[in-house]
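Student: Structure in structure tokens, see below.
The values are calculated or read from the model by the stated rules, or taken from the named source; none is laboratory data. Given the structure is predicted, the values throughout are model-derived calculations rather than measurements. Because the Cβ atoms are built from the backbone with ideal geometry, glycine has one as well, and the counts that use them run over all protein chains shown.
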Amino acid sequence: MKLTRKLSPKAFYFSQALILIISLIFLTGLYYILNSPQNNSSYSTRGPVTILPKSLRIDLDQPEENLLTFQSSVIVSGNTLPFTQVLITTDSQDLVIESKKDGSFSTVIKLDERVNNLTIVVFGQNGESKSIERTVYYSKEKI
């Protein structure tokens, strides 16, 4: 094969078009591979083989311990595992709510005048439970 052989303009344009088409096919395939969702069997999407166990927990944001309030209701809010049953009890009422997708929960509880003992209990799927107690003092008269 001689390298000094002259190409006709038709053959030159055809070879350039063929190179362009092959390059576009290659780049399209590369783009598809890099931007497509990863295969489920891939390590990068599944993470490690072992997963830390999710232990039942409860973190209470409100109310604070020994809170003195002059309002007849108080917000009870906190965090636990997602979609977990939360039981809130006082001396005069019981209320069951479910935590949200992110594990947060919040509700308003009516208070009795004087001392209110609140118990917040979360229940796990295997029957375990965790609880937190708070004392809230409610007075109609401001000190």
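Student: Take the conditions touching a residue at least 12 places away in the same chain (Cβ under 8 Å), surrounded by fewer than 16 Cβ atoms within 10 Å (Cβ to Cβ) and either out of contact with any helix residue (DSSP H, G or I) (no Cβ under 7 Å at 6 or more places or on another chain) or of a type in the set (F, W, Y) (or both) and apply them to S131. Does it pass?
Tutor: Judged against the criteria, S131 is a match.
Student: What are the residues in the range 62-77 that are surrounded by 14 or more Cβ atoms within 10 Å (Cβ to Cβ) and more than 23 Å from the chain's Cα centre (by Cα), if any?
Tutor: P63, L67, T69, V74
Student: Tell me, please, whether a residue that is loosely packed, with under 10 Cβ neighbours inside 10 Å, at pLDDT below 85 and either touching a helix residue (DSSP H, G or I) at 6+ places or on another chain (Cβ under 7 Å) or not in a loop (DSSP other than H, G, I, E, B) (or both) can be found in the range 78-96.
Tutor: No, the range 78-96 contains no residue that is loosely packed, with under 10 Cβ neighbours inside 10 Å, at pLDDT below 85 and either touching a helix residue (DSSP H, G or I) at 6+ places or on another chain (Cβ under 7 Å) or not in a loop (DSSP other than H, G, I, E, B) (or both).
Student: A follow-up question, please. Of all residues being surrounded by 15 or more Cβ atoms within 10 Å (Cβ to Cβ) and closer than 11 Å to V76 by Cβ in the range 117-128, which is nearest to the chain's Cα centre (by Cα)? Just the residue, please.
Tutor: The residue in question is I120.
Student: Right, next: In the list K130, K100, which residue meets the criterion of being charged (D, E, K, R) and assigned to a loop (DSSP other than H, G, I, E, B)?
Tutor: K100
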